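Please treat every number below as a calculation from the coordinates, not as lab data. Since the model is a prediction, treat every value here as computed from it, not as a measurement. Using ideal geometry, Cβ is built from the backbone for each residue, glycine included, and neighbour counts are taken over all protein chains shown.
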Amino acid sequence: MNPRRALETDLPAILRLYGFLHPDDPVLDPHTTAVQVHWHSILSDSRLSYFVAETEGHIVTTCTLTLIPNLTRNLRPYGVIENVVTDPEHRRKGGATKVLHYALEEAWREGCYKVMLSSGSKQEGTLRLYESAGFQRGVKTGFVVYPPASTSANWR
């Protein structure tokens with residue numbers, strides 16, 4: 001599997017993978033203007049990176065890395081990795097580990113003093129995957145808050 005930075009043409013494959021990650025989300029058509037504009041905005045933001053790994057010409061895993069500017073740690077940024085997903089037919093073949101290592105290499109090149117990843121998964125295999133990629137479990141306590149339903153309904 002060959003990890004790399006996502007290209008403009010990778011959008012349909014990434015959206016397909018997100019169907020495995022969040023099956024209850026609405027299916028987005030990658031050819032609509034709104035989705036295209038949003039994707040171009042993401043790709044043009046130097047603090048956002050999408051990474052993919054492909055095998056035999058097919059994208060089978062992806063993750064995102066966001067770099068957060070920082071006023072502590074000698075002005076070094078920190079990174080957040082999210083949306084790690086692999087096609088179920090290609091799991092346990094090393095693709096996710098490779099794409100995570102690729103994202104981490106980018107974060108270290110950018111001077112990040114740490115990279116965080118949170119997972120909603122309770123599956124031990126998924127948690128071990130993150131540990132095998134270098135992440136430490138239980139180092140910090142994570143908290144999440146979601147907007148009220150009335151706020152979410154009015155977005156976009």
Considering residues that are exposed (fewer than 10 other Cβ atoms within 10 Å of the Cβ) and aliphatic (A, V, I, L, M), the number found within the range 106-142 is 1
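Can you pull out every residue in the range 8-48 that is closer than 23 Å to Lys93 by Cα and either part of a strand (DSSP E or B) or out of contact with any helix residue (DSSP H, G or I) (no Cβ under 7 Å at 6 or more places or on another chain) (or both)? Even if it seems obvious, please write down each step before you answer.
Taking the range 8-48 and keeping what is closer than 23 Å to Lys93 by Cα, we get 10-23.
Within the range 8-48, Asp10, Pro12, Ala13, Ile14, Leu15, Arg16, Leu17, Tyr18, Gly19, Leu21, His22, Pro23 qualify.
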Out of (1) in contact (Cβ under 8 Å) with a residue 60 or more places away in the chain; (2) in contact with a Cys (Cβ under 7 Å, 6 or more places away or on another chain), the one Arg76 does not meet is (1)
